[in-house]
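Take a look at the structure set out below.
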Amino acid sequence: MHTSGMQADVIVVGLGAVGSAAAWQLARRGARVLGLDRFSPPHDRGSSHGLTRVTREAVGEGDAYVPLVRRSHAIWREVQAALAGALDGPLMTRTGVLYIGPDGSEDAFVARTAAVARRHGVPHEALSAAKVRRRWPQFRAGDDETAVFEPGAGVVHPERCIGAQLELARRAGATLRGDAPVQRIERTAAGLAVHTAAGVLHAPQVLLTAGAWLPGLLAEAGIGWARELRVLRQTLHWLVPDDPAPFAPDACPTFVWTRGHRYEDTFYGMPMLDGVPGVKVGTEQLERDTAPDALQREVAEAETAELHQRLVQPRLRGLSGRAVRRAACLYTMAPDGRFRVDSPAAWPGLTAVSACSGHGFKHSAALGEALAERLLTGRSTLDLAPFVA
Ligand SMILES: Cc1cc2nc3c(=O)[nH]c(=O)nc-3n(C[C@H](O)[C@H](O)[C@H](O)COP(=O)(O)OP(=O)(O)OC[C@H]3O[C@@H](n4cnc5c(N)ncnc54)[C@H](O)[C@@H]3O)c2cc1C
């Protein structure tokens, strides 16, 4: 094993949603960046594939996230303008987002979403179930349900965002290497050593943004909170509509539909986008953990049938149980569904970030920027305190 001679100020381990953003933001601030990924991002092995992610300013998960998503939108608009001709489509698409859930509970996701919208001045509309059915007959909202519509929200296109940020990182001078899995991190007298199959790399600072593989890297380093993270397989299904018209982007909003308090009862979807002749729908499961390298990537027809019977058919009109496309993807869940940013005292120069919990993509561009500032100056414009371990 040889020791690489490249002088890096920061080695970024993992170039997905957060890592691609951080690598670019570090490089554009003049840092010498070496970015490593176990695959060739954007790819379909981690947490950031499947063409779309819901993005919304009325973040029912909590007020602390609102500045992150707002800044991320501003950054992606900037990226879109910078790379205009070089992109094969938009980074974000405004579709509106409709939140539907049980009426009468102040703690429910719809109520929390409306409360965040009010506190932060996010344009939104409260709707009864009858109004939802009149406006979008494809949604079978029940009379015991209530809804909020956020017209400015929509989807972000993850693969395109990651590809664009990596392109800008390269243009800003970053060295990026795919097929370069990091085996472990080590403390040395001179700083940090990053072990890969091709050699040992050194830098005073290392940013671990390895997504579902972060728990393994942390455990190897003896960093205790690895045990708090759970890696979970999720599935996505693009279902064929009987008639595409009600599911076209101008006729159908993106939606998040909750029923009860169990994750498995949450159900979300997007209108037909990206030229795929199906409506993407998904739910969440927190029952069975997986290891990222053991991910069962094929999604069985029976899994689509179960989702269709249990959640889709009772709620959406005109969507068949036939999938034109399926994908499996990984959640990394932290306790309480929060993000975690940690610079362990015993590891000078190391920062580890877990920012998924099933809702991280929309925040990733701003998080990358704040992390770059934190690494280079010790503080960030956006407050990371709510997420710092
Ligand atoms: C099905 C599904 C639906 C979701 N829906 C939404 C949504 O609607 N809205 C939303 O905002 N968020 C959503 N999320 C969450 C969001 O996608 C994640 O929070 C986000 O993608 C996580 O990004 P990341 O950078 O942590 O991980 P990733 O993007 O997976 O990046 C990690 C990278 O690290 C690399 N890596 C791993 N180990 C190593 C190693 N040892 N050496 C080198 N490289 C390594 C991997 O190859 C990968 O490229 C969803 C997630 C899933 C799975």
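The values are calculated or read from the model by the stated rules, or taken from the named source; none is laboratory data. Since the model is a prediction, treat every value here as computed from it, not as a measurement. Here Cβ is always computed from backbone atoms with ideal geometry, including for glycine, and neighbour counts include all displayed protein chains. Surface accessibility is based on the protein's heavy atoms, side chains included, excluding ligands, DNA and RNA. Shrake-Rupley method; radii C 1.70, N 1.55, O 1.52, S 1.80 Å.
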Problem - Matching residues, region 218-227, being open to solvent by 20 Å² or more (accessible area, probe 1.4 Å) and either under 30 Å from Glu303 (Cβ atoms) or not in a loop (DSSP other than H, G, I, E, B) (or both) - result: Ala219, Glu220, Gly224, Arg227
Exercise for the section: Evaluate the following for Val341: is it within 14 Å of the ligand (Cβ to nearest atom) and without any contact (Cβ under 8 Å) to a residue 60 or more places away in the chain? Expected result: yes
Fill in the blank from the handout: Scanning region 285-311 for residues that are surrounded by 19 or more Cβ atoms within 10 Å (Cβ to Cβ) and within 16 Å of the ligand (Cβ to nearest atom), the one nearest to Pro215 (Cα to Cα) turns out to be Pro292
Practice task
For region 78-94, state whether one or more residues are of a type outside the set (D, E, K, R), in contact with a strand residue (DSSP E or B) (Cβ under 6 Å, 6 or more places away or on another chain) and more than 22 Å from Met270 (Cβ to Cβ).
Solution key: no
Practice task
Would you mind telling me which numbered condition in (1) among the basic types (Lys, Arg); (2) over 22 Å from Glu159 (Cβ atoms); (3) in contact with a Leu (Cβ under 7 Å, 6 or more places away or on another chain) Arg310 fails?
Solution key: (3)
Practice task
Kindly indicate which of Ser48, Ser105, Ser40 is free of Cβ contacts under 8 Å to residues at least 12 places away in the same chain, in a loop (DSSP other than H, G, I, E, B) and either not assigned by TED's automatic domain parsing to the domain that holds His261 or not basic (Lys, Arg) (or both).
Solution key: Ser105
Exercise for the section: Quick one: in region 246-280, of everything that is farther than 16 Å from Ala141 by Cα and within 11 Å of the ligand (Cβ to nearest atom), which residue is surrounded by the fewest Cβ atoms within 10 Å (Cβ to Cβ)? Expected result: Lys280
Exercise for the section: Of the numbered conditions (1) in a strand (DSSP E or B); (2) touching a residue at least 40 places away in the same chain (Cβ under 8 Å); (3) surrounded by fewer than 18 Cβ atoms within 10 Å (Cβ to Cβ), Ala126 fails exactly one; give the number of that condition. Expected result: (2)
Exercise for the section: Taking only region 118-167 into account, find how many residues are hydrophobic (A, V, I, L, M, F, W, C) and within 19 Å of Tyr268 (Cα to Cα). Expected result: 13
Problem - Criterion (open to solvent by 30 Å² or more (accessible area, probe 1.4 Å) and within 27 Å of Leu376 (Cβ to Cβ)) met by exactly one of Arg171, Arg230 - result: Arg171
Exercise for the section: Check whether at least one residue in region 318-325 is open to solvent by 60 Å² or more (accessible area, probe 1.4 Å), more than 14 Å from the ligand (Cβ to nearest atom) and in a loop (DSSP other than H, G, I, E, B), and report yes or no. Expected result: no
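Per-residue answers, yes or no, for (1) at positive phi; (2) assigned to a strand (DSSP E or B); (3) within 11 Å of the ligand (Cβ to nearest atom); (4) open to solvent by 50 Å² or more (accessible area, probe 1.4 Å):
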| position | (1), (2), (3), (4) |
| --- | --- |
| Glu186 | no, yes, no, yes |
| Ala193 | no, yes, no, no |
| His202 | no, yes, no, yes |
| Leu214 | no, no, yes, no |
Completion exercise
For region 131-167, the count of residues that are more than 20 Å from the chain's Cα centre (by Cα) and part of a helix (DSSP H, G or I) equals 5
Problem - Qualifying residue in region 80-88 (condition: open to solvent by 10 Å² or more (accessible area, probe 1.4 Å), modelled with pLDDT of 95 or more and under 22 Å from Cys356 (Cα atoms)) - result: no
Exercise for the section: Assess whether Leu236 counts as being over 19 Å from Arg315 (Cα atoms), open to solvent by less than 50 Å² (accessible area, probe 1.4 Å) and either out of contact with any Phe, Trp or Tyr (no Cβ under 9 Å at 6 or more places or on another chain) or of a type in the set (A, V, I, L, M, F, W, C) (or both). Expected result: no
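Every residue, every condition in (1) part of a loop (DSSP other than H, G, I, E, B); (2) surrounded by 24 or more Cβ atoms within 10 Å (Cβ to Cβ), yes or no:
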| position | (1), (2) |
| --- | --- |
| Gln25 | no, yes |
| Val54 | no, no |
| Glu57 | yes, no |
| Val66 | no, no |
